[in-house]
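Q: Could you have a look at this structure, given as structure tokens, before my questions?
The values are calculated or read from the model by the stated rules, or taken from the named source; none is laboratory data. None of the values given here were measured: they were computed from a predicted structure. Methodologically, a virtual Cβ is constructed for each residue, glycine included, from the backbone with ideal geometry; neighbour enumeration extends over all protein chains shown.
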Amino acid sequence: MSGSRVLSNRTWVIAALGIVVSAVSIVLIRAGVGGSDSGRTLIANLPSLLTGGGAAAAGLWTALRFERTEGLRRQWLLLGLGTAALFIGDTTFAYLQVVNPQEVPFPSVADFFYLISFPILAGGLLMALFSFRRSMSLRAPMLLATAVAAVATAGLWAIAFQPILADTEASSLEKFLGILYPVGDIWLLLLPALALAMALSHFAGGRLAWSWWTVVVGLTLVMVADVLFGVLDFQGTYATGSFVDMGWWFGYTAIAVGASIAVDVHAPRKAGARS
Amino acid sequence: MSEDIHNVVLDVLTPLVGRAMATVYASKATHRPGKLLVGLTADDLPAISEEIRQSVRPFTTRAVVDEVIAEITRRVRG
């Protein structure tokens, strides 16, 4: 309770690592380091794998730092597992892309892991949101977030869904998945993240909300990158390692930082203990 | 002493939950004993602590709540 430093060295190191990995990757990708197509593809995928793997490890590690009876353990377990599913999806996608840089099959095993991450992450966010239900009514945040999700879906209808449905070369499954991704992003990531952010706004200045703020920012970045990827990939203008990927790199980094902050603020260190 | 208890609760909770929610929780907690603020004494701390526990516990750990209550008790009694 004293005014001692709240954030641990570990949290700062995770944030710094995420930024360094992203910055170095941008330089390497722009310089075309890697030689062959496969080499450059591997380099372009590395930052997503490193930051995504770090976020999954940090989420699961954080869950295990809390006792079984703590709600935070279940919330972080779901966030860790959801991020792990994304990491496995990214690893599978990278492998398929390195093996054949010209044509990655769609759908593939990677899509299974990407798709199951949605309900798992949504579960973690909703559990976090409902932990505040004794403190405030959650009706307004849920209604407002639902309205925003509906508007976003309507916006994507014109930009992305109609062109996908009109595509005569895509199979029905490809069209279905092409629409399912942004719908999942909006309704299972954006909606709970937005509702949680609105609930957290009551806790402005309070450090018990810091970790959730960071997670909300991280998942929002991941969601924006997902949607941009979907649109650009459909247009045939997406390239691995492009600016879109930075949304995933910084999003995963933010989730890892949020996990570390959760331990800092909810599992206070004993006086004199080292981080 | 009584006004001190309300302020102590507010002071301890503010860094954790922000000023707005700290005001809500402190108000609920110091009304829990069923007395006017001016009548609160250290003997009312168990009731106040219980209210704080019920308010804050759902979104944080038992360790944090125990630390909050210990700090309030220390500052009120000390």
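Q: Within segment A:111-120, identify whether any single residue is of a type in the set (D, E, K, R) and in contact (Cβ under 8 Å) with a residue 40 or more places away in the chain, and answer yes or no.
A: Looking through segment A:111-120, at least one residue is of a type in the set (D, E, K, R) and in contact (Cβ under 8 Å) with a residue 40 or more places away in the chain.
Q: With over 22 Å from B:R19 (Cβ atoms), within 14 Å of chain B (Cβ to nearest Cβ) and part of a helix (DSSP H, G or I) as the only criterion, which of A:V183, A:V215 stands out?
A: A:V215
Q: Give B:T14, B:T30, B:T73, B:T23 a once-over and let me know the one that is facing another protein chain (nearest Cβ under 8 Å) and touching a helix residue (DSSP H, G or I) at 6+ places or on another chain (Cβ under 7 Å).
A: Within the list B:T14, B:T30, B:T73, B:T23, the selection yields B:T14.
Q: Shifting gears a bit: Confirm whether A:S2 is surrounded by fewer than 18 Cβ atoms within 10 Å (Cβ to Cβ) and at pLDDT below 95.
A: Yes: the conditions hold for A:S2.
Q: Here's another thing I want to ask about it. It is to be established whether one or more residues within segment B:60-67 are within 14 Å of chain A (Cβ to nearest Cβ), within 25 Å of A:L129 (Cβ to Cβ), in a loop (DSSP other than H, G, I, E, B) and at pLDDT 95 or above.
A: Within segment B:60-67, one or more residues are within 14 Å of chain A (Cβ to nearest Cβ), within 25 Å of A:L129 (Cβ to Cβ), in a loop (DSSP other than H, G, I, E, B) and at pLDDT 95 or above.
Q: If you go through segment A:112-137 one residue at a time, how many are within 14 Å of chain B (Cβ to nearest Cβ), farther than 13 Å from A:A193 by Cα and surrounded by 15 or more Cβ atoms within 10 Å (Cβ to Cβ)?
A: Qualifying residue count, segment A:112-137: 4.
Q: List the helices (runs of 4 or more DSSP H) inside segment A:1-111, counting only whole elements, that have at least 3 residues being within 14 Å of chain B (Cβ to nearest Cβ).
A: It comes to A:37-65, A:71-99.
Q: Shifting gears a bit: Please specify each residue of segment B:39-55 satisfying the condition of being of a type in the set (A, V, I, L, M, F, W, C) and within 10 Å of the chain's Cα centre (by Cα).
A: B:L45, B:A47, B:I48, B:I52
Q: Suppose we filter segment B:54-78 for residues that are within 18 Å of B:L10 (Cβ to Cβ) and either of a type in the set (D, E) or surrounded by 16 or more Cβ atoms within 10 Å (Cβ to Cβ) (or both); how many remain?
A: 13
Q: Does B:G39 satisfy the criteria of being more than 28 Å from A:Q75 (Cβ to Cβ) and either in contact with a Ser or Thr (Cβ under 9 Å, 6 or more places away or on another chain) or surrounded by 20 or more Cβ atoms within 10 Å (Cβ to Cβ) (or both)?
A: The answer is yes for B:G39.
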